[in-house]
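**Q** Dumping the structure here so I can ask a few things about it.
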Amino acid sequence: MRTERPEHVSDDVTGDRSARRAVTVFPLLVLAAGALGLLLPGSFTGWGEAVPYLLGVVMFCMGVTMTPQDFRGVAKRPWAVALGLVAHYVIMPGLGWAIAHLLDLSPQLAAGVILVGCAPSGTASNVVTYLARGDVALSVSVATVSTLVAPLVTPPLTLLLAGEYLPVDAGSMVTDILKTVLLPILAGVVVRLLAGRYVQRALPALPWLSALTISVIVAVVVAGSADAIRSAAGMVFLAVVLHNGLGLALGYGAGRLGRLGEPASRAMAFEVGMQNSGLAASLATAHFSPLAALPAAVFSVWHNVSGSLTAAWLSRRGR
């Protein structure tokens with residue numbers, strides 16, 4: 001859930017309140033959607049096929065918010081961006097695999113946890129970095145690159161780490177990520193270039209459109225595995241909390257070890273610990289089962305709650 005530009009937003013108090021409101025309300029929307037899917041699963045029967053298209057809407061919104069400045073930021077700080085990218089795609093997949101073994105999860109849940117770890121950075125990470133008084137430019141650069149390379153990185157990592165649990169069709173997964181992530185982002189970038197003046201007027205509404213769309217995805221995913229949730233919710237929640245919490249801590253540690261400084265280390269924490277769980281839910285539903293998508297649905301709620309709380313704590317400590 002990207003805002004138009006957090007570094008611009010910081011110039012006025014109204015924008016600051018808007019960003020905080022978006023990050024605060026988003027977890028509540030997702031939580032309400034999950035409860036709706038759990039209590040009224042029959043209302044979402046047959047909606048599973050719409051999940052990739054809904055994710056495409058979220059990625060299109062992300063593409064529309066991108067500017068040339070995002071890509072120039074990568075060229076200006078290649079070492080920091082490279083460190084963030086490596087940390088993201090090493091720490092979170094490795095944690096997913098380790099947690100699946102440690103908790104002795106069922107094959108479906110284990111594959112789902114690992115798939116969450118292999119996903120690119122979360123769509124709200126740059127806003128949370130801004131609220132934490134972190135390095136927003138670095139956050140945006142790492143999130144952009146991690147998303148663009150996802151078709152090349154996520155499928156082979158999933159095959160390597162989750163293949164022992166379930167069959168993984170990496171080739172088909174590459175195609176799905178290209179269709180649901182890369183193409184919508186590129187379409188959004190093109191629309192921004194061709195109709196920037198009109199797009200500018202719509203930018204304030206895009207975070208809310210993304211939040212509502214992700215909420216619908218969560219409701220559909222939860223409805224698809226409502227019965228399993230009642231028996232496995234505790235174990236899945238424990239796995240998600242460990243995955244996210246350790247990711248935030250190790251991401252911050254990677255920034256400190258890389259001597260990037262405090263603001264950049266805060267950005268690294270959120271770029272590593274927050275995942276594109278909407279993509280993970282879509283891929284899990286398409287390639288595994290609704291049960292395998294359950295960790296992604298829970299992660300969608302929890303990482304925004306934990307991210308917001310961590311950002312508030314870091315912001316106060318920064319003062």
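The values are calculated or read from the model by the stated rules, or taken from the named source; none is laboratory data. This structure is a prediction, so every number in the text was calculated from the model and none was measured. In this analysis, Cβ positions are derived from the backbone assuming ideal geometry, glycine residues included, and neighbour counts consider all displayed protein chains. Side chains included, ligands, DNA and RNA excluded: accessible areas come from the protein's heavy atoms. Shrake-Rupley method; radii C 1.70, N 1.55, O 1.52, S 1.80 Å.
**Q** Would you tally the net charge around G96, using a Cβ to Cβ cut-off of less than 15 Å, leaving G96 out, and scoring K and R as +1, D and E as -1?
**A** Working: positive: none; negative: D104, E164.
Residues close to G96 contribute a combined charge of -2.
**Q** Another question, then. If you roll a 1.4 angstrom probe over the protein chains with everything in place, what fraction of the accessible area of segment 154-262 belongs to carbon and sulfur, to the nearest %? Present the calculation step by step, with values, prior to reporting the outcome.
**A** Values: 3700 of 5300 Å².
That share works out to 70 percent.
**Q** Moving to a separate point now. If you take every residue apart from A297 with its C-beta less than 15 Å away from the C-beta of A297, what net charge results, scoring Lys and Arg +1 and Asp and Glu -1?
**A** Numbers: positive: R230; negative: D227.
Value of the local net charge: 0.
**Q** Name the residues whose placed amide hydrogens come within less than 5 Å of the amide hydrogen of Q275, ignoring near sequence neighbours (fewer than 5 apart) on the same chain.
**A** Those qualifying (amide H under 5 Å, at least 5 residues apart or on another chain) are G122.
**Q** I would also like to ask the following. With the Cα gyration tensor of segment 97-165 giving a ≥ b ≥ c as the square roots of its eigenvalues, does the rule (a/c under 1.5 for rounded; else a/b larger than b/c for prolate; else oblate) give rounded, prolate or oblate? The partial results should precede the final answer.
**A** Numbers: a/c = 3.87, a/b = 1.89, b/c = 2.05.
Oblate is the answer for segment 97-165, as a/c is 1.5 or above yet b/c matches or exceeds a/b.
**Q** Can you pull the three principal axis extents for the Cα set of segment 266-319, in Å, largest first?
**A** 46, 17, 10
**Q** Over the chain, average the accessible area per residue using a 1.4 Å probe and give it in Å², no decimals. Write out the running numbers ahead of the final one.
**A** Numbers: 12970 Å² over 319 residues.
Solvent-accessible surface per residue comes out at 41 Å².
**Q** Work out how much length F237 to S43 would gain on full extension: take 0.36 nm times their residue separation and subtract the Cα-Cα distance, in nm to one decimal. Show your work: numbers first, answer last.
**A** Numbers: separation 194, 0.36 × 194 = 69.84 nm, distance 2.44 nm.
Net length gain for the segment: 67.4 nm.
**Q** Where a ≥ b ≥ c are the square roots of the eigenvalues of the C-alpha gyration tensor, would you call segment 38-116 rounded, which needs a/c under 1.5, or, failing that, prolate if a/b is larger than b/c, or oblate?
**A** On the way: a/c = 4.49, a/b = 1.26, b/c = 3.56.
Since a/c reaches 1.5 but b/c is at least a/b, the shape of segment 38-116 is classed as oblate.
**Q** Mean residue ellipticity at 222 nm from the helices of the chain, using -39,500 (n - 2.57) per DSSP H segment of n ≥ 4 over the full residue count, to the nearest 500 deg cm²/dmol?
**A** Working: 17 runs with 251 residues, N = 319.
Mean residue ellipticity at 222 nm (helix-derived): -25500 deg cm²/dmol.
**Q** If you don't mind, there's one more thing I want to ask. Can you give me the Cα centroid spacing of segment 186-257 and segment 92-124 in angstrom?
**A** Going from one Cα centre to the other spans 15 Å.
**Q** Something else: Once the other residues with Cβ under 12 Å from the Cβ of P41 are scored (Lys, Arg +1; Asp, Glu -1), what is the net sum? List each step's numbers first, then the result.
**A** Numbers: positive: R230; negative: D227.
Charge balance in the 12 Å sphere: 0.
**Q** Further, regarding this structure: Quick one: compute a quarter of the convex hull surface over the Cα atoms of segment 116-219 and quote it in nm². Before the final figure, lay out each step's value.
**A** Values: hull surface 33.1 nm².
Mean shadow area of the hull around the Cα atoms is 8.3 nm².
**Q** Where does each of 213-223, 170-180, 156-166, 270-280 land if you order them by average Cβ count within 10 Å, highest first?
**A** Details: 213-223: 26.5, 170-180: 16.9, 156-166: 19.5, 270-280: 30.8.
Going from most to least packed, we get 270-280, 213-223, 156-166, 170-180.
**Q** While we're on this one: Relative contact order (percent) for the chain, with alpha-carbon contacts under 8 angstrom and 6 or more residues of separation? All intermediate terms of the calculation are to be shown ahead of the outcome.
**A** Values: 556 pairs, mean separation 105.6, N = 319.
Across the chain, relative contact order equals 33 percent.
**Q** H101 to V86: extension gain in nm, 0.36 nm per residue of separation minus the Cα-Cα distance? Present the calculation step by step, with values, prior to reporting the outcome.
**A** Working: separation 15, 0.36 × 15 = 5.40 nm, distance 2.27 nm.
This chain segment gains 3.1 nm when fully extended.
**Q** Still on this structure, I have one more. When ranked by the protection proxy of mean other Cβ atoms within 10 Å per residue, highest first, what sequence do the peptides 238-245, 106-113, 202-209 form?
**A** Values: 238-245: 21.1, 106-113: 25.0, 202-209: 16.1.
Answer by packing, highest mean first, reads 106-113, 238-245, 202-209.
**Q** Okay, next question. Label E262 and D169 with points 7 Å out from Cα along Cα→Cβ: what is the distance between them in nm?
**A** 5.1
**Q** Moving on. Rounded, prolate or oblate: which fits the chain when a ≥ b ≥ c are the square roots of the eigenvalues of the alpha-carbon gyration tensor, with rounded for a/c under 1.5 and prolate only if a/b beats b/c?
**A** Details: a/c = 1.44, a/b = 1.27, b/c = 1.13.
Rounded shape, in that the Cα axes give a/c under 1.5.
**Q** Which residues does the label zone of A35 cover in segment 295-319, counting backbone N under 19 Å from a point 7 Å along Cα→Cβ?
**A** Within reach of a label on A35, which here means backbone N under 19 Å from a point 7 Å along Cα→Cβ, segment 295-319 contributes 297-306.
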